[in-house]
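Below is one structure, written out as structure tokens; comments come after it.
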Amino acid sequence: MRMTRQDDGLTLLELVFAVLVLTLGIIAVLRTTDQSRLAIGGAQDRIFAQLAASNRAEEIKLLGPDAILPGNVRIGGQNFAISATSSVTAAGLVQVQVTSRSDQGPGAQRTIYVARPLR
């Protein structure tokens with residue numbers, strides 16, 4: 001009877017190839033996770049900027065478009081420069097565009113329409 005050799009194990013080349021494929025997969029997952037973390041991390045600054053713009057818009061609704069309001073506010077430990085530009089629409093409303101920008105860069109913009117104050 002003649003005995004034949006069976007391949008019961010992996011060769012070194014197959015093992016290296018398997019480790020390479022797993023390494024590439026792990027690197028792809030880590031890069032994706034890192035990109036997600038960066039995107040989520042910047043969301044907090046944008047939310048604060050939106051909050052600053054929304055607060056100023058509400059102040060303008062309450063006090064009128066001609067109200068004198070401070071140009072800087074502090075929200076969430078960040079300083080925001082807030083500007084408001086207004087123009088009269090064809091319908092007689094005042095369009096106010098509120099822009100807030102942080103020292104670190106993220107900003108937000110909000111547009112509201114208010115009635116002209118009676119004089």
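Derivation of every value follows stated rules applied to the coordinates shown; laboratory data play no part. Here the structure is a predicted model, which is why all the values come from computation and not from measurement. Neighbour counts run over all protein chains shown; Cβ positions are idealised from the backbone, glycine included.
Give the long-range amide H neighbours of ARG116: residues separated by 5 or more places, or on another chain, with amide H under 5 Å away, using H modelled in the peptide plane at 1.01 Å from N.
Close amide H contacts, sequence-distant or interchain: VAL94.
Please grab the % of Cα pairs in region 43-115 that end up more than 18 Å from each other.
Working: 911 of 2628 pairs.
Within region 43-115, distances greater than 18 Å cover 35 percent of Cα pairs.
If the chain between GLU14 and ILE47 were fully stretched, how many nm would it gain, using 0.36 nm times the residue separation less the Cα-Cα distance? Walk me through the numbers before you get to the answer.
Details: separation 33, 0.36 × 33 = 11.88 nm, distance 5.04 nm.
Gain on extension, GLU14 to ILE47, equals 6.8 nm.
If one computes the Cα centroid of region 80-119 and of region 8-70, what distance in Å separates the two points?
29
Which order do the peptides 44-57, 67-80, 99-112, 19-32 come out in when sorted by mean C-beta neighbours inside 10 angstrom, highest first?
Values: 44-57: 18.7, 67-80: 12.3, 99-112: 16.9, 19-32: 10.0.
Top of the packing list down: 44-57, 99-112, 67-80, 19-32.
Give me the angle, in degrees from 0 to 90, between the Cα long axis of helix 43-63 and the longest principal axis of the Cα atoms of the chain, rounded to the nearest 10.
Once rounded, the angle reads 10 degrees.
Each residue of region 15-26 in order: what ³J(HN,Hα) in whole Hz does its phi give by Karplus 6.51 cos²θ - 1.76 cosθ + 1.60, θ = phi - 60°, with x for Gly and Pro?
5, 5, 4, 5, 5, 4, 5, 5, 5, 4, x, 5
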